[in-house]
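Below is one structure, written out as structure tokens; comments come after it.
The values are calculated or read from the model by the stated rules, or taken from the named source; none is laboratory data. Predicted model, so just to flag it, every value in this text is computed and none were measured. Here the Cβ positions follow ideal geometry from the backbone for every residue, glycine too, while neighbour counts run over all protein chains shown.
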Amino acid sequence: MSERSARARIILSRDTALGLVVVLLASAICVGLGLWQYHRFEGKREAAQIVRTHAAADPVSLPEAMPQPDQPLPGTAEWTQVRLEGQYCTDPDCVLYVRNRPLDGDVGFWQLVPFETTDGQVLLVVRGWVPIQGAASEPQDPPAVPEGTETLTVRLRPAEETLADRSNPPGQVQTVTPADIAATLPALDGELVTGAYGELTAEDPAGEQARALPAPETSLGPHLSYAFQWWIFALFFPAALIYRTRKLIQEAEDEETPGPAAVETPESPEGPDGGVIPAPARTRRRPGAARPPSGRRPRGHDEEEEDALIDQQGR
């Protein structure tokens, strides 16, 4: 079989076709995972840019940030810094605690209080994090809500979705969903903002405050490097298939190439009894001895010793 036919036989084989299908499938999965990681990187980059933009901007009024209080907070308006003037609702029914909120590896509560602004709006404000009290599932030593006129700076966050399968213990809620919480609050002077809530960053005059919530994360994470890793994996599979196919072709060519011709050795002469005379016996002679003339039988060692003895006796 020729080199061309051997190559065609390997390339068009069933194993190569099956390997090609596996390679295409594995490479497609790796490319898809790489794109998924890249999209996550882009999402984090956009979110981080929004955070940086609002962090560098001056605080705005609530009507400016939320012209339609009952509409969801736009994504580009998240983390907007807002300055509020007014007072907290200090009625005991107004002070709520949001359950199952982690902070630095611990689980506790958010202290959530409505804030009535001089602009005629009411915004739910998270004043900070409070630890849990043992197994009682109650806030431990919650700070008192300040009375009187306050000036706040908050970061706007979108309203959370309701967890319909969970009930709320007295004075506690599962999520910050202003539309659902409104039914549990006493009558307030102002329109409740249902599309967003605020995270407290500054309070003047400062009162007893719960533990402040951390600033928003701006790290982009490892998603971009993960994307490139998946794309490198996608290139590995076709490279492995090409290497394997080339190796099989080379092995097939080596098997079909004939080896070097065998060298014929001359037949060994037979001895008097029909046996083969060994090569060393045919060529053995004393060192320094002259090669016997052509056609004469070489003298043996015993014969030479006998001649030497006769020569000594004749002297």
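Structural remarks
- Checklist (1) out of contact with any helix residue (DSSP H, G or I) (no Cβ under 7 Å at 6 or more places or on another chain); (2) closer than 29 Å to residue 142 by Cβ; (3) not acidic (Asp, Glu); (4) not assigned by TED's automatic domain parsing to the domain that holds residue 186 applied to residue 88, failing item: (4)
- Residues of segment 80-130 classified as in contact with a Gly (Cβ under 6 Å, 6 or more places away or on another chain) and not in a strand (DSSP E or B), total: 2
- Among the residues of segment 78-97, those identified as among the charged types (D, E, K, R) and closer than 30 Å to residue 52 by Cβ are 78, 83, 85.
- Looking across segment 1-35, the residues that are part of a helix (DSSP H, G or I), hydrophobic (A, V, I, L, M, F, W, C) and surrounded by fewer than 14 Cβ atoms within 10 Å (Cβ to Cβ) come down to 8, 11, 17, 18, 21, 22, 24, 25, 28, 35.
- Single match in 60, 82, 51 (criterion: within 24 Å of residue 201 (Cβ to Cβ), touching a residue at least 24 places away in the same chain (Cβ under 8 Å), in contact with a strand residue (DSSP E or B) (Cβ under 7 Å, 6 or more places away or on another chain) and of a type in the set (Val, Ile, Thr)): 82
- From the list 150, 161, the lone residue that is of a type in the set (D, E, K, R) and under 20 Å from residue 84 (Cα atoms) is 150.
- Filter result for residue 112 (surrounded by 14 or more Cβ atoms within 10 Å (Cβ to Cβ), under 24 Å from residue 215 (Cα atoms) and at pLDDT 95 or above): yes
- Any hit, segment 235-258, residues being more than 47 Å from the chain's Cα centre (by Cα) and at pLDDT below 60: no
- Segment 164-208 - residue that is touching a helix residue (DSSP H, G or I) at 6+ places or on another chain (Cβ under 7 Å) and assigned to a loop (DSSP other than H, G, I, E, B) and, of those, farthest from residue 99 (Cα to Cα): 193
- If you go through segment 126-148 and keep only what is more than 18 Å from residue 199 (Cβ to Cβ) and either at pLDDT 95 or above or charged (D, E, K, R) (or both), you end up with 138, 141, 147.
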